[in-house]
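Peer 1: Structure incoming, see below.
Each value in this text was obtained by applying a stated rule to the coordinates, not by laboratory testing. Keep in mind that this is a model prediction, so the values were computed, not measured. Positions of Cβ are generated from backbone atoms using ideal geometry, with glycine treated the same way; all protein chains shown enter the neighbour counts.
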Amino acid sequence: MTELLHTPRRPAPPDQEPPAEVRLLRGDAIRPEPISWLWNGWLARGKLHVLAGAPGTGKSTIAFALAAAITAGRNWPDGTRAPHGNVLIWSGEDDPADTILPRLLAAGADPRRVHIVAGTDHGGGASAIRSFGRHGCAAR
């Protein structure tokens, strides 16, 4: 069981959401666990991985190739078999219809297993759905 260190906070006014608080977890309350690998030594299952680099250096090409390997159950670049599964893509730069899906298809992805974040739903019907514009910002 883990212990959280907690300092009481002031209550928020009734018309406001309570402020977020930081919760600390002491190191001795953590039980080490092994990493569950999606691709052994390269991609950990359930973790965030970031591809960073200068424009035009192949970040999207690598990401789409990895997504294709997973959605089609093909081989990783080292020849080992990728698990067959779904992928989630969140891009604030490229359009799904004219860039993302065509590139995924060219890489051999199964589009039935590709899910692309299209925007956010703020409740209240279609008028409350915000799509993502360039740079991942929700457009109103």
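Peer 1: Compute the distribution of all C-alpha to C-alpha distances in segment 37-136, in bins of 5 Å from 0, and list the percent of pairs in each, rounded to whole numbers.
Peer 2: Answer for segment 37-136: a P(r) of 2, 12, 20, 22, 19, 12, 7, 3, 1, 0 percent.
Peer 1: What nm distance separates the two modelled labels at Glu93 and Lys47, each placed 7 Å from Cα along Cα→Cβ?
Peer 2: 2.3
Peer 1: Also, quick follow-up: Would you mind giving the average projected area, over all directions, of the Cα convex hull of segment 20-79 in nm² with one decimal?
Peer 2: Mean projected area for segment 20-79: 7.2 nm², to one decimal.
Peer 1: If R0 is 22 Å, what FRET efficiency do you get for Asp78 and Ala54 from their C-beta distance, rounded to 0.05?
Peer 2: 0.30
Peer 1: Provide the gained length on full extension for the span Asp28 to Asn86, in nm with one decimal, where the gain is 0.36 nm per separating residue minus the Cα-Cα distance.
Peer 2: Full-extension gain reported as 17.3 nm.
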